[in-house]
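The values are calculated or read from the model by the stated rules, or taken from the named source; none is laboratory data. The shown structure was predicted, so the numbers you read here are calculated from the model rather than taken from an experiment. Note that we place each Cβ from the backbone using ideal geometry, even for glycine, and neighbour counts take in every protein chain shown.
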Amino acid sequence: MPAKNYASTRYSELAEINEGNVKNLQVAFTFSTGVNKGQEAAPLVVGTTMYIVTPFPNIVYALDLSKPGAPMKWKYEPNPEPAAQGVACCDVVNRGAAFADGRLFFNTLDGHTIALDANSGQPIWNAHIGNINIGETITMAPLVVKGKVLVGNSGGEMGVRGWVKALDAGDGHVVWTAYNTGPDKDVLIGPDFKPHYDMDKGKDLGVTTWPPEAWKIGGGNMWGWISYDPDLNLIFHGTGNPGPWNPDLRPGDNKWTSGIFARDPDTGAAKWFYQWSPHDLHDYDGINEQVLLDLNWQGKPRKVLVRPERNGYLYLLDRTTGEVLSAKPYGPVNSSKGVDLKTGRLIENPDKLTGTGKVVRDICPTASGLKDWQPSAFSPKTGLLYIPHNNLCMDEEGVEVNYIAGTPYVGMNVRMIPGPGGNRGAFTAWDIAGEKPAWSLKENFPVWSGAVATAGDVVFYGTMEGWFKAVSAKTGELLWQFKTSSGIIGQPITYRGPDGHQYVAVLSGVGGWAGAIVSGDLDPRDATAALGFVNAMKDLKNATTAGGTLYVFRLP
Amino acid sequence: MKPAVAMLLLAGLALAACQREERDTRPQSALGSGEQPTPVTALEPGGQRPSPTDNKAASFEANAFHLSEGKRLFGWFNCSGCHANGGGGMGPALMDEKWIYGSSMESIHATIRDGRPNGMPSFRDKIPDDQIWELAAFVRSLSGNAPSSAAPSRNDDMMAHPSENRMPDAATLGKSP
């Protein structure tokens, strides 16, 4: 799985590459994916094979690591519907594949989940679960838990109703479907559901916290990360923003959008829920990674869930109950004034309320959040969470919008600008116990790549200019960097090769929402292009060009 | 200036203004159903490709009323959701000089009516034909292909870019933005 383990720590025990020798890293081999769109996937290494999924058209490559130069073992082309490209909100990305029991599972942009024989690349089953004609796509990496392939849909900008499905790993049939809006029976809320806060208690809140029928086109999509705790037998997944973005068109708390569910993986039954951003005003999807840790919190051992959330807070939740233990901003936030730990509710800032016909300026963070999908890494050696993130603010104006199935349902003019300090990105090491940053590195562009931490006390991440960087896990000191052919927005990994040595791999290829200006050749003269992101990225075309190349490094 | 000349000038201006605003009082309500062939390529083996001419095109282009209607419809039918205010997003930029399927009124009309394979939906059954022409005229104004006397001026909303009547012709701008 892309997140390394079910707890999603992205921490590797490998220590051959360390603070002292990382400066000697050199390229072991490269591989062109043949697709010049945003490469958000994590390469997956199982045994002596590396698997890569490209952005649309979602080609899967298997590379044989046991031979010099890692030649191609097989490739699989699913040939997704080209029209799917028009309904993918933020470039045509894919976040990777998952492996279990000799099979490789991945999703295609046009709404298929496919199981391949990992050895031969032959398809075993193909489940068509998303419909592009209502704007549904799939971009996430699946997670396999107890013989079930967990998948969710994208489409929060198209009025698509969010869901999570569990497909049988054996034959692909749908075992359960949990919607993230609508009546309790659709959301799989039953007698076991025990949310911690009063705001999440009541019957059919997925209907009653919306204007009539609005929940049917209300978003709440699940396109991010899922974690799993085998002891509690719970999966944890977030829910995306409510649609449309213009909040005037959906008075109410808009359950169960912009929140997080704990569910039983066998049945999908909800155990608890917590809402990061009730009645979301700024497109704060709640789908980021959840890092599961067992630690001492204020003297007591707690099973916690750490979530650097899009709304700008670093949440610590008790993962058995959904209680918020801590919520501190990890960067500039003015869209809210904190989190009330008694009620669990985000405290709105009355100066930053958006609505129809009103331009509200300088809202931080932006719609893309203080951090978007790009996953952080946790090192148990340092106790620090390494967070790749953005530093952007925005102006927003709500406008009327018509729902036309399969077309965008946003209703908001947005234009983004660099945040305080002018650096548009940052890489922050967060001291979880101390509830404060240990150090933070400024980056010119948003840090849209994932991070990986290692026992060698080296942390890796990439920048949108194309630098692949190794920094000290303790101090953040830059130890090594390599300029790749295009901007990096992928998830770096590290693995032990068949020769017993440690390797580091990353896909280079700019794109995603932040890099759409390059991968989609957008026009920087329109401040609202790419839902307003282009305004903050006007100069990216001068810094990098589109690409799609795998880089693998090792010590000499 | 002699009064006669001034009168003439005024009359000329008034006439020009008439054309600027000319419109049918009873627009056709038929859905997007025009069937004129519109080639999407410049290649025609061995010969000259006939340039498509639809007399509809001329009557919608350079007409302030139709352009402003096109601008309204661009938001109304969620074109702006995919193309933003011309800079692009899920769909390509429409304000630059690059055209995949052609920049003529006829080509753009066909694009909107029939859709295009890589994700442009077909609006054939959603938008009346005359309104597709209005949209096509407005799309051209985004790249400066409409007389500034007729193209929309100030926005009521957040200004995303200079108003259409101040847009330079993207093709002759020299360099890509």
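When we screen A:Thr407, A:Thr428 for residues that are of a type in the set (Val, Ile, Thr) and under 20 Å from the mean Cα position of the chain (by Cα), the only hit is A:Thr428. For segment B:71-148, the helices (runs of 4 or more DSSP H) that sit wholly inside it and include 2 or more residues that are more than 13 Å from chain A (Cβ to nearest Cβ) are B:105-114, B:129-142. A:Asp248 meets the stated requirement of being modelled with pLDDT of 95 or more and farther than 24 Å from A:Trp513 by Cα. Number of residues in segment A:30-54 that are crowded, with 23+ Cβ neighbours inside 10 Å, of a type in the set (Val, Ile, Thr) and not in a strand (DSSP E or B) equals 1.
For (1) within 14 Å of chain B (Cβ to nearest Cβ); (2) touching a residue at least 12 places away in the same chain (Cβ under 8 Å); (3) among the acidic types (Asp, Glu); (4) in a strand (DSSP E or B), each residue gets a yes or a no:
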{"residue": "A:Ala28", "(1), (2), (3), (4)": "no, yes, no, yes"}
{"residue": "A:Phe56", "(1), (2), (3), (4)": "yes, yes, no, no"}
{"residue": "A:Tyr61", "(1), (2), (3), (4)": "no, yes, no, yes"}
{"residue": "A:Ser66", "(1), (2), (3), (4)": "no, yes, no, no"}
{"residue": "A:Lys75", "(1), (2), (3), (4)": "no, yes, no, yes"}
{"residue": "A:Pro80", "(1), (2), (3), (4)": "yes, yes, no, no"}
{"residue": "A:Ala84", "(1), (2), (3), (4)": "yes, yes, no, no"}
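Just for segment B:105-139: of the residues that are buried (at least 19 other Cβ atoms within 10 Å of the Cβ) and free of Cβ contacts under 8 Å to residues at least 60 places away in the same chain, which one is nearest to A:Ala83 (Cα to Cα)? The residue in question is B:Gly119.
The residues of segment A:296-312 that are within 21 Å of A:Ile226 (Cβ to Cβ) and either touching a Pro at 6+ places or on another chain (Cβ under 9 Å) or touching a residue at least 24 places away in the same chain (Cβ under 8 Å) (or both), listed by number, are A:Lys303, A:Leu305, A:Val306, A:Arg307, A:Pro308, A:Glu309, A:Arg310, A:Asn311. Could you tell me which residue of segment A:364-397 is nearest to the chain's Cα centre (by Cα), considering only residues that are surrounded by fewer than 24 Cβ atoms within 10 Å (Cβ to Cβ) and within 14 Å of another protein chain (Cβ to nearest Cβ)? Residue satisfying both the conditions and the ranking: A:Asp395. Restricting the search to strands (runs of 3 or more DSSP E) fully inside segment A:161-229 and requiring at least 1 residues that are basic (Lys, Arg) gives A:163-168.
Scanning segment A:86-126 for residues that are out of contact with any strand residue (DSSP E or B) (no Cβ under 8 Å at 6 or more places or on another chain) and within 14 Å of chain B (Cβ to nearest Cβ) yields A:Cys90, A:Asp91, A:Val92, A:Val93. Might you let me know whether segment A:398-406 holds any residue that is away from chain B (no Cβ under 14 Å), in contact (Cβ under 8 Å) with a residue 24 or more places away in the chain and outside any loop (DSSP other than H, G, I, E, B)? Looking for residues that are away from chain B (no Cβ under 14 Å), in contact (Cβ under 8 Å) with a residue 24 or more places away in the chain and outside any loop (DSSP other than H, G, I, E, B), one finds none in segment A:398-406, hence no. Just one of the listed residues (A:Ala543, A:Ala530, A:Ala516, A:Ala536) is closer than 23 Å to A:Phe468 by Cα, under 19 Å from the mean Cα position of the chain (by Cα) and modelled with pLDDT of 95 or more, and it is A:Ala516. Considered as a group, the residues in segment A:204-253 that are farther than 24 Å from A:Leu317 by Cα and of a type in the set (D, E, K, R) include one that is surrounded by the fewest Cβ atoms within 10 Å (Cβ to Cβ), and that residue is A:Glu213.
With the requirement that a residue be in a loop (DSSP other than H, G, I, E, B) and in contact (Cβ under 8 Å) with a residue 40 or more places away in the chain, what does segment A:10-26 give you? Answer for segment A:10-26, where residues must be in a loop (DSSP other than H, G, I, E, B) and in contact (Cβ under 8 Å) with a residue 40 or more places away in the chain: A:Arg10, A:Glu13, A:Leu14, A:Ala15, A:Glu16, A:Ile17, A:Asn18, A:Glu19, A:Asn21, A:Leu25. If you filter segment A:17-29 down to residues that are touching a Phe, Trp or Tyr at 6+ places or on another chain (Cβ under 7 Å) and surrounded by fewer than 17 Cβ atoms within 10 Å (Cβ to Cβ), you find that the one that is farthest from A:Val518 (Cα to Cα) is A:Lys23. Scan segment A:414-448 for residues that are touching a residue at least 60 places away in the same chain (Cβ under 8 Å) and surrounded by 22 or more Cβ atoms within 10 Å (Cβ to Cβ) and report the count. Of the residues in that region, 12 qualify.
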